[in-house]
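The values are calculated or read from the model by the stated rules, or taken from the named source; none is laboratory data. Predicted model only: the values in this text are computed from it and were never measured. A quick note on method: Cβ atoms are made from the backbone with ideal geometry, for glycine too, and the neighbour counts reach across all protein chains shown. Each accessible area value is taken on the protein alone, full model and side chains, heavy atoms only, with ligands, DNA and RNA left out. Shrake-Rupley method; radii C 1.70, N 1.55, O 1.52, S 1.80 Å.
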Amino acid sequence: MILVWLIVILMAGGVLAWISGKVNRALPRWIALGSVLAVFGMTLYQWLSNPIPVLDSAWLIQFNQPWIPQWGISFRLALDGLSLLMLLLTFFLGLLSVLISWREIQTKVAFFHFNLLWVLAGITGVFLTMDLFLFYFFWEVMLIPMYFLIGIWGHENRRYAAFKFFLFTQASGLLMLLAILGLYFIHGNQTGVYTFNYFELLNTTLAPEAARLLMFGFLAAFLVKLPVVPFHSWLPDAHSQAPTAGSVILAGLLLKTGAYGLLRFVLPLFPTATVEFAPWAMLLGVIGIIYGAMLAFSQTDLKRLVAYTSVSHMGFVILGVFAFNEWALQGVVMQMITHGLSTGALFIIAGFLYERLHTRDIQKMGGFWTMAPKMGVIALVFVMASLGLPGLGNFIAEFLTLVGSWQANNWLTVFATIGLVMATIYSLRIMQKIFFEGYKLEVSLPDLNAREMLIAIPMVVMILWLGLYPQPFLETAHPSIQEQLQTYTKPTSKPEELPLKPENMAHIEESKTEASPAKLEEAKPFPNLQIKTP
Amino acid sequence: MTLTDFQHLMPLLILTFSVLVSMLVIAVGRNHKIMYVITAISFLAAFASLYELRDVARYTIEPLLVVDGFGMFYIGMMLLTALLISMLSYAYFEQREERKEEFYILLLLATIGACVLVISKHFASLFLGLEILSVSLYALIAYLRKRERSDEAGIKYLILAAFSSAFLLFGMALVYASTGTMEFAGIATAIAGFTELPLLLLTGFGMMIVGIGFKLSVVPFHMWAPDVYEGAPAPVTAFIATVSKGGVLGVLIRFFMEVDGFRYPTLMLIFTIVAIASMLAGNLLALLQRNVKRILAYSSIAHLGYLLVAFLAGNQMGVQAVTFYLVAYFITTVGAFGVIAMLSDTERDAEQLEDYRALFWQRPWTAAVFTAMLLSLAGIPLTAGFVGKFYILAAGVNTQLWLLVIMLALNSVIGLFYYIRIVAVMFQQPEADTAIQPRGRLRPSIYLASVGTLTVLALLLVYIGVYPSGLLQIIQGLIATAVP
């Protein structure tokens, strides 16, 4: 029931915020802050009160209520470690989004907060639902408010960006819907039970051809959302045109729904088809890493620059997902969290600068370190995080991903590592252009005030915590990652499903060697990170 | 005819009776309000009389009509839609100078025609129903005589509808020539004997498709739709888009179900081409429009294409999907034209995209309702249109009409483009330098009537979008009795 409350509080808070705008201009902000705080508190309580490693099942809480019984659709929510981490990230960034909009948004305040809370509600739904119809439902629900956030409160080219964002995601979403329907009918014809229940659909046996087609349907939605080059072109526009809160939610959360979808649906539902597709997916990931980094280096618009770094970082996600081993997936989960924080923080800094200078052009900036040292330090932390400095969260994420993907594909991992070097180049360029060189402005630049520090400090603390002691996060994610990987960890039980191609052979070899516990013991970077082998 | 026959035709008899009463009342004295009340009461009474018939499984009135669950559901749906349209019309016509009272007689007559269509099982009753509907529509479309485009639209519809009726009649004659009967069931048994459809019969069917296709405004018989939609008064446009098309689609489904036309690849191929062409042409041409009524006209062409996808699925699920989608489409279309009617002033309808600029900041609730309607047309969750589109896709995937289903998905995206454009215009900032004078509001009582209707529609839209089980149950229960 608590899971339903998370969504209901956000939705009701949104409506209330909209209505209360008639009474008082400041009231919507407080209502939004209150509702996000409430759900954040509830989720945090769940995390602290459930010592995850002790549980047998990966699922902490489940909720099920028939919705449209004629079609086998139910309102089915379930929480596991992965969802829990994603929810914590959602509400943490949600909280920050409310706070950074406190001064930035001055027009149509009530409607803004309505949209903000409904986006969060849609994302919460996506992370929780275990019914594929409901999943598509929430997938779409988060689009409309996001469209409004970009289209109404965005920068100069907002309508174009909002349109592009909407059409890309909607088109790819429809392909996913077709795949969901295909799966539904195949499962129904096999078993006679027509249902959208995720747990039952997991047991569908698919012909290789059907599995491939259905997988591409799902991939369409997730790869566009993630985004993977060549489906990324909506992202720089949407991210750079959105208001700061919108950029934070886009980069921090909406992209993560794509990664989450890959982990939750594509991996377990289509175990054979994904293995076939894996080398290509990893290749796309590496292309994304390098292409994103190169384009990031050549941007002059600060928000566009940060947007391209997202493309680059999301390349690691797809690289890790298709490595099919626990380390890579732990890295992916860490990457989702740390990228949400570090990129969110960079967008927030871009927002602070835009509020002061009314420009996002880094050519016009420079030498801000002397004027605004606090801002400089904060920016330095997150720029370093973004380039993967040890001690900060992104390092753990990228390191784990690369360790995992090395086992799956050596050469692509080598190229992905080159991407890290390129990350250093573009990240240092940000610092160089904005905070060093000569001061060009005639007016002075005010440093961060108390409210802004209140936003920045928790993010710094979080990114440090993730970098220095990631164990709680890894432990929380562990059982559900095991669950998603179930079909991959025992490939010997169904060897006939793997087509005998060289790249797949290599993969089988890898997983066999991985199965030896003694070897694992010495190679483990984190002693507590248990890899249960059958 | 026996007394039970009359009982089963009660909804139609009530409507006919009220037409006569209305004429007498006008002869005594003109009063808009009284006319409106008579109309509303007769629609309600006709709907209430359906309640008496709820347990009827299948009752035939030889040789013309059949009363069954399918027919009753469609009649009920059309009666309620007509009621809502009459409520919108009251506000719309109250602020206009013309003689208003005859409008309601025509509205009632057209509704009778549509109701006869969906319960007919014979070419004679089919044609009678269609003509009652069409002749009333000629007058309704040109009702506001003083507007220039009104006449144009009326004449266009008159000529083209007469042509299409001729095609339909000729087609019926050919079918009669080759099968020797005009009853649907008789035709079914006659063609069941053929191993391959004779050319004469196929020609007959082809000509009938022309006639029916015209009424449904599917490509390539769609040319009239944008002009007529644009020229007709907004409530009449709503009527053409909903009740008129719903009735024709109802009889089409009944005919195909009886004859089992889905067995014949030639017919299916024709409908597949028509469906794809309608979706593509409707959506692509809508992209080019700047006039909201024309956009909705092209969008309705596309929506009929969507409906044909489920129709082509040809099984019980397909029929249910069509019916469900029609309910959603009726609510949405009436709502959208209701908003247009409400924003219209005495001079002209609010049809230019410019009329909607910054509407959201001036009249938030109206704009919110319009946004909801447009999103439902686009098939976005939380609205009835989403569930309807989902149902159609499900029906298509179930019978593995992959081409049609993928075209539908593609077209939804194209469609999204122009629906969202209207929404975006509504959300634009009002331009600071041009002081926008708010459009004159209607008198409070009338205003409330319109707002009330629109609120009911919007709530219904969201209710069906969030909780479709109830409606599904009704549709499945009623249609199971009718469809083999």
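A few remarks follow.
- Selected residue [open to solvent by less than 10 Å² (accessible area, probe 1.4 Å) and of a type outside the set (Phe, Trp, Tyr)] from A:LEU143, A:LEU178, A:LEU167: A:LEU143
- Some residue of the range A:86-95 being open to solvent by 10 Å² or more (accessible area, probe 1.4 Å) and within 13 Å of chain B (Cβ to nearest Cβ): no
Yes/no matrix, rows are residues, columns are (1) part of a helix (DSSP H, G or I); (2) at pLDDT 95 or above; (3) among the β-branched types (Val, Ile, Thr):
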site: A:VAL15; (1), (2), (3): yes, no, yes
site: A:TRP18; (1), (2), (3): yes, no, no
site: A:LYS22; (1), (2), (3): no, no, no
site: A:ARG25; (1), (2), (3): no, no, no
site: A:ARG29; (1), (2), (3): yes, no, no
site: A:LEU44; (1), (2), (3): yes, no, no
site: A:LEU48; (1), (2), (3): yes, no, no
site: A:PRO53; (1), (2), (3): yes, no, no
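- Residues (part of a helix (DSSP H, G or I) and either open to solvent by 20 Å² or more (accessible area, probe 1.4 Å) or touching a Leu at 6+ places or on another chain (Cβ under 6 Å) (or both)) located in the range B:92-110: B:GLU94, B:GLU102, B:LEU106, B:LEU108, B:LEU109, B:ALA110
- Selected residue (criterion: modelled with the lowest pLDDT) from residues of the range B:76-91 that are in contact with a Leu (Cβ under 8 Å, 6 or more places away or on another chain) and over 15 Å from B:ILE331 (Cα atoms): B:ALA91
- Residue match in the range A:204-213 (condition: under 28 Å from A:ALA78 (Cα atoms) and hydroxyl-bearing (Ser, Thr, Tyr)): yes
- Residues (out of contact with any Phe, Trp or Tyr (no Cβ under 7 Å at 6 or more places or on another chain) and either outside any helix (DSSP H, G or I) or open to solvent by 40 Å² or more (accessible area, probe 1.4 Å) (or both)) located in the range A:385-395: A:PRO390, A:GLY391, A:LEU392, A:PHE395
- Qualifying residue in the range A:71-83 (condition: within 26 Å of B:ALA321 (Cβ to Cβ), within 11 Å of another protein chain (Cβ to nearest Cβ) and open to solvent by 40 Å² or more (accessible area, probe 1.4 Å)): yes
Residue-by-condition table, conditions (1) modelled with pLDDT of 90 or more; (2) open to solvent by 10 Å² or more (accessible area, probe 1.4 Å); (3) among the charged types (D, E, K, R):
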{"position": "B:ARG294", "(1), (2), (3)": "yes, yes, yes"}
{"position": "B:ILE301", "(1), (2), (3)": "yes, no, no"}
{"position": "B:LEU304", "(1), (2), (3)": "yes, no, no"}
{"position": "B:PHE337", "(1), (2), (3)": "yes, no, no"}
{"position": "B:ARG357", "(1), (2), (3)": "no, yes, yes"}
{"position": "B:GLY385", "(1), (2), (3)": "yes, no, no"}
{"position": "B:PHE390", "(1), (2), (3)": "yes, no, no"}
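- Scope the range B:380-426; condition small (Gly, Ala, Ser), closer than 19 Å to B:ALA328 by Cβ and within 9 Å of chain A (Cβ to nearest Cβ); matching residues: B:ALA394, B:GLY396, B:ALA409, B:SER412
- Which numbered condition A:TYR194 misses (of (1) open to solvent by 20 Å² or more (accessible area, probe 1.4 Å); (2) assigned to a helix (DSSP H, G or I); (3) more than 27 Å from A:PHE111 (Cβ to Cβ)): (2)
- Here the helices (runs of 4 or more DSSP H) wholly within the range B:112-205 that include at least 1 residues being under 30 Å from B:SER49 (Cα atoms) are B:123-141, B:184-192.
- Taking the conditions (1) within 11 Å of chain A (Cβ to nearest Cβ); (2) modelled with pLDDT under 90 in turn, B:LEU353 satisfies each one other than (1).
- From the list A:SER480, A:SER493, A:SER405, A:SER444, the lone residue that is hydroxyl-bearing (Ser, Thr, Tyr), modelled with pLDDT of 90 or more and either touching a Leu at 6+ places or on another chain (Cβ under 6 Å) or surrounded by fewer than 21 Cβ atoms within 10 Å (Cβ to Cβ) (or both) is A:SER405.
- A:PHE111 satisfies every condition listed in (1) buried (at least 19 other Cβ atoms within 10 Å of the Cβ); (2) within 14 Å of chain B (Cβ to nearest Cβ); (3) in a strand (DSSP E or B) except (3).
- Number of the exception - A:LEU181 against (1) part of a helix (DSSP H, G or I); (2) more than 14 Å from chain B (Cβ to nearest Cβ): (2)
- Residue, nearest to A:ALA242 (Cα to Cα), within the range A:148-165, restricted to residues that are more than 11 Å from chain B (Cβ to nearest Cβ) and of a type in the set (Gly, Ala, Ser): A:GLY154
So that you can scan it fast, the table gives a plain yes or no per residue for (1) among the charged types (D, E, K, R); (2) open to solvent by less than 20 Å² (accessible area, probe 1.4 Å); (3) under 20 Å from A:LEU329 (Cα atoms):
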residue	(1), (2), (3)
A:GLY182	no, yes, no
A:LYS225	yes, yes, yes
A:ALA242	no, yes, no
A:LEU253	no, yes, yes
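Rundown of residues vs (1) under 29 Å from A:HIS339 (Cβ atoms); (2) within 14 Å of chain B (Cβ to nearest Cβ); (3) in contact (Cβ under 8 Å) with a residue 24 or more places away in the chain; (4) open to solvent by 40 Å² or more (accessible area, probe 1.4 Å), yes/no style:
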| site | (1), (2), (3), (4) |
| --- | --- |
| A:TRP5 | yes, no, yes, yes |
| A:ILE19 | no, yes, yes, yes |
| A:ALA32 | yes, no, yes, no |
| A:SER35 | yes, no, yes, no |
| A:VAL39 | yes, no, yes, no |
| A:MET42 | yes, no, yes, yes |
| A:TRP47 | yes, no, yes, no |
| A:TRP59 | yes, no, no, no |
| A:PRO69 | no, yes, no, yes |
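- For the range A:189-215, taking the residues that are of a type outside the set (S, T, N, Q) and free of Cβ contacts under 8 Å to residues at least 40 places away in the same chain, the one that is nearest to the other protein chains (Cβ to nearest Cβ) is identified as A:LEU213.
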